[in-house]
1. Restricting attention to segment 340-359, report how many residues are β-branched (Val, Ile, Thr), modelled with pLDDT under 80 and loosely packed, with under 10 Cβ neighbours inside 10 Å.
2. Let me spell it out: the conditions are (1) part of a loop (DSSP other than H, G, I, E, B); (2) surrounded by 16 or more Cβ atoms within 10 Å (Cβ to Cβ), and LEU152 meets all of them except one. Which number is the exception?
3. Can you tell me which residues in segment 267-276 are open to solvent by 70 Å² or more (accessible area, probe 1.4 Å) and either charged (D, E, K, R) or under 16 Å from ILE178 (Cα atoms) (or both)?
4. Looking at HIS191, is it open to solvent by 10 Å² or more (accessible area, probe 1.4 Å) and within 12 Å of the ligand (Cβ to nearest atom)?
5. Any residue at all in segment 234-243 that is assigned to a strand (DSSP E or B) and closer than 15 Å to ILE170 by Cα?
6. On the basis of being more than 24 Å from the chain's Cα centre (by Cα) and more than 11 Å from the ligand (Cβ to nearest atom), does GLN138 make the cut?
7. Counting only residues that are assigned to a strand (DSSP E or B) and of a type in the set (A, V, I, L, M, F, W, C), which one in segment 290-312 is nearest to ILE267 (Cα to Cα)?
8. Tell me which of these ILE178 doesn't satisfy, since it passes every other one: (1) touching a His at 6+ places or on another chain (Cβ under 9 Å); (2) away from the ligand (no atom under 16 Å from the Cβ); (3) free of Cβ contacts under 8 Å to residues at least 60 places away in the same chain.
Amino acid sequence: MFGWKFFDRRELKVAFIALLLTISVLSIILPRSLVSANTGTPAYAPNRSLSPTDLPSASSPADRVVVTLITEEKLGQLADGVTYDFWTFNGTVPGPMIRLRLNQTVEMHIINPPNSTMTHSIDSHAILGTGGGGALSQTPPGQESIFQFKALRVGLFMYHCATPDIPSHIANGMYGLILVEPPGGLPKLNHEFYIAQGEFYTTGSFGQKGFQGFDFQKADAETPDYVVFNGRVGLMTGNRTLQVNVGDTVRIFFLNAGPNLDSSLHIIGGMLDRVYLEGSLLSPPLLNVQTTLVPAGGSVMVEFTAEVPGTLTIVDHSLFRIHHGALGYIKVNGPANPALFSSIKNATITESLNMSTTATQAITNSSSSASNATTVYIVNFAYSPADISVPVGTTVTWVNQDSVGHTVTEGDPNSPKAANLRAFDSSEEALTGKVALMGPGESWSYTFTAPGTYEYYCIVHPYMIGYITVTSASGSNATRGYGQLTNFSITGGRGIVAMSAVGIVILVGLMLVFARPGRKESI
Ligand SMILES: [Cu+2]
């Protein structure tokens, strides 16, 4: 009441307009900042899987080493079109392999970023000491713990988070391997791969698209939806298949992180020449083993020589787990060797018996609705999904989520077609004589009018390969990519739309306020 006397009506009106202007501008601008603040992550889910080839070479024999593990909670892909909030060491599943030598002292740093939702820690089976380090390393968000231990035993050992509820932290991806080599190191082989089997328990069933939460009841009942290698369905299939040559020696460091199931590690078409049972590297290996049992919380080191060209299939021989994602391939490249392996007489096969379709097919089948539009994302130098089937007439849109340019170019990169013979080509090389790249964030679409299977690749990264199968039958299945992902990533989307609407309404109101004096003057 007191204050009103200091303003005449004209000043009040100006103040009122200024207030409305401020609110309207804020309510239009603010939602944009909410989008970036809420998601914190890009509108797509990066691949959190550690590549099986991503492992350190033998460590130096220095007495003391420093290891830093950052306990990051991160959105990532559990399968094509399926996203999950992983809890990780250093942002990947599994966490990095820590490669030590006997009697080294390790200064272990556990850093828990401020944006974590909970405390994390480490317990390693390599560590002799209370809780394997668990008690010394409990680290709340925004803090760091440092402790030291001495690597007193040679072997291949699991590490995992040891913060209650411990099995939940393991089930969300917090595990990896510590290799303690003998003082002279392990003999050098041609290839080393680092593979961790783990279960995921999701709110939706296997293959259900979109964001999936952690289902504690399923975990407690030991009924996983996903049993996968390195935290993702299809990590070692398609264009991610591991590659070796005939005659190469191969070593696999294998962790069964569980947390619940034992693994019956088997390589279809191959042989485990040497099995260092349960990660015991000083015991003599078992020779010529078909399948080795790896307990939850255990490991094994296997070695073999690739003898016969072809494809080796890595499975848990509890084979229905193929349907839950436990499937990987090693391609053995080399000229055919009929003396070792060849057909003498083929039976006539009338039905399609493609083993490789198991896991991916289950996913494809789960999205039953037909669609006339579908999206393929380009993420981490790969088309995702890399292999889709769509009915004729479908418009496929490729969205480049990478930080570099790519193309979508029909053909086989090993024998590329002339530009004017390609069925489709985002680079438009045939028109311009130059290769135009789809830049980061850009997209490109093509409508498929002729049935058939089309292979395509990226001109500048020819190891990126994708397939589109266009079916003539209407109503056939279409893989829907990340269609539902946007529902998740823009959290509070309705609120944002509502706030923007409020801003627009107020702006319109303002225009009316300004318009009225104008009308008066015109009279
Ligand atoms: Cu944890």
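The values are calculated or read from the model by the stated rules, or taken from the named source; none is laboratory data. Please read all numbers here as calculations on a predicted model, not as lab measurements. Quick reminder, even Gly has a Cβ in these numbers, built from the backbone with ideal geometry, and neighbours come from all protein chains shown. These area figures cover heavy atoms from the full protein model, side chains too; ligands, DNA and RNA do not enter into them. Shrake-Rupley method; radii C 1.70, N 1.55, O 1.52, S 1.80 Å.
1. Final tally of qualifying residues: 2.
2. Unmet condition: (2).
3. ARG274
4. no
5. no
6. Criteria not met by GLN138.
7. The extreme case among them is LEU312.
8. Here ILE178 clears every test but (3).
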